[in-house]
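The values are calculated or read from the model by the stated rules, or taken from the named source; none is laboratory data. Keep in mind that this is a model prediction, so the values were computed, not measured. With ideal geometry, Cβ positions are generated from the backbone for all residues, glycine too; neighbour counts draw on all protein chains shown. Surface areas here come from the heavy atoms of the whole protein model, side chains and all, with no ligands, DNA or RNA. Shrake-Rupley method; radii C 1.70, N 1.55, O 1.52, S 1.80 Å.
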Amino acid sequence: MIDFRSDTVTKPSEQMLNAMMRAEVGDDVYGDDVTVNQLEQSAAKNHGFEAALFVTSGTQANLLAILSHCERGDEYLCGQSAHNYRYEAGGAAVLGSVQPQPIENEPNGTLCFNKLANAIKPDDFHFARTKLLSLENTIGGKVLPLAYLEQARQFCDTHNLLLHLDGARVYNAAVALNVNIVEIAQHFDSMTICLSKGLGAPIGSLLLGKRDFIERARRLRKMLGGGMRQAGIIAAAGMYALEYNVERLADDHRNAAYLAEQLNTVSGFDTRSYQVETNIVYVDVDSAIDIDDIAKSLKEMGINMTPGYQGMRLVTHLGISHADIDTLITALKQQTQGGL
Ligand SMILES: *Cc1c(COP(=O)(O)O)cnc(C)c1O
């Protein structure tokens, strides 16, 4: 199956599976899993944070971050299209009584500081206490500029806010900018990383921050049922991913650019309203095309994609080669022939 739905569909390579098989394990709830400890210590060091926590998913990492930074009756500022606002079942509000205050994202994915400043609540018992700003990088495949991150840090310092990064795809941002990950991470009080997306591990995310913050998150992780036992098996995959699957993200970005370029040669497909900055390609599909029907036919041919008209999303990852893109384009041309 050639799967363009998401970079979450990546499967562990032979070498990654070998690393998992050889992993030294123990009961991580007792702190005994050598491999988990090694991953957490090296991740903290390599990203410039005091401590790290290995967690089940990006959703859990974001939830733990918000709950560890905020208390009941606090609020966090975030983008209207932020994953931790839209796609995480309202966890911070449901489980933490932390109110989100979403702000419309600008076209480049950033949040306008004037709009953010206007959303900060006065220190008055009528209002929730504004505690945290949460950014996302990459967001919709777009990379937040380094200068913007620096301004966000200054903004938070000025307004006495904490600053969190949902960095599910932060390595895509670092590779696209060709900078060390620390250039991005340094501005944040906390950051998440998904090991299970483009980095290719089967399970797991990291939460990074100060030591006392991570200790609060560790308690909450247990409360949420996220205390894992011989988790070294999956931590080993995460360590392998961070060592061997970062630089190759550049291939995914090149493939995404090629995919966008090729989609424009298929009549009824147009990517020109969207810029490809990393591994995500958006495409407008002419409404005269029955895209659901095409998606069904392609699936029978072994090509998987999520159909849609405006901004249909295709994602490149380590399971997608240059030749796979040619296969998709040929299939799309066959399917749309005579359609328009
Ligand atoms: C995928 C994703 C998450 C959640 O990660 P899961 O491991 O799927 O829970 C969080 N934030 C962003 C930006 C994501 O893309």
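List of remarks:
- Using 0.36 nm per residue and subtracting the Cα-Cα separation, the extra length available between V182 and L224 on full extension is 12.2 nm.
- Accessible area expressed per residue, region 235-340, with surrounding protein chains retained (probe 1.4 Å, Å²): 47 Å²
- With R₀ set to 56 Å, the beta-carbon distance separating F127 from K333 gives a calculated FRET efficiency near 0.50.
- The apolar share of the surface of region 167-265, taken as the fraction of accessible area on carbon and sulfur atoms (1.4 Å probe, ligands and nucleic acids excluded), comes to 48 percent.
- Here the accessible area of region 65-150 is 52 percent carbon and sulfur, with a 1.4 angstrom probe and all protein chains present.
- Based on Cα contacts under 8 Å between residues 6+ apart, the chain shows a relative contact order of 25 percent.
- A protection proxy built from the mean count of other Cβ atoms within 10 Å ranks the segments 21-31, 216-226, most packed first, as 216-226, 21-31.
- Distance between the pseudo-spin-label points of Y87 and R272 (7 Å out from Cα toward the beta carbon): 2.8 nm.
- Heavy-atom accessible area with a 1.4 Å probe sorts T130, T158, largest first, into T158, T130.
- Between V34 and R248, the contour length at 0.36 nm per residue exceeds the Cα-Cα span by 74.3 nm.
- Within the chain, helix-based [θ] at 222 nm, where runs of 4 or more DSSP H residues each add -39,500 (n - 2.57), nearest 500: -12500 deg cm²/dmol
- Accessible surface of V94, taken over heavy atoms with a 1.4 Å probe and every protein chain present, rounds to 110 Å².
- Of the residues K142, K210, the one with the largest accessible area comes first in the ranking K210, K142, computed with a 1.4 Å probe on protein heavy atoms.
- Accessible area of H159 (1.4 Å probe, protein heavy atoms only, ligands and nucleic acids ignored): about 70 Å².
- Taken over the chain, the alpha-carbon convex hull comes to 136 cubic angstrom per residue.
- What region 43-189 shows is 43 Å² of accessible area per residue, with the surface traced by a 1.4 Å probe over protein heavy atoms.
- Of all DSSP beta bridges in the chain, antiparallel share, percent nearest 5: 50 percent
- Rh (Kirkwood; distinct C-alpha pairs) - region 61-181, Å: 14.6 Å
- Between region 1-32 and region 149-211, the Cα center-to-center distance that results, in Å: 22 Å
- Under 18 Å from the Cα of K299 - aspartates and glutamates, other chains or at least 8 residues apart: D3, D7, D290, D324, D326
- Sparse-neighbour loop sites [GluC sites (Glu not before Pro); region 177-250; at most 15 other C-beta within 10 Å; DSSP]: E247
- Carbon-plus-sulfur accessible fraction, region 1-50 (probe radius 1.4 Å, protein heavy atoms only): 48%.
- Amide H contacts of D74 (H built 1.01 Å from N, in plane; Pro and chain starts excluded): Q99, R129 sit under 5 Å, all sequence-distant by 5 or more or on other chains.
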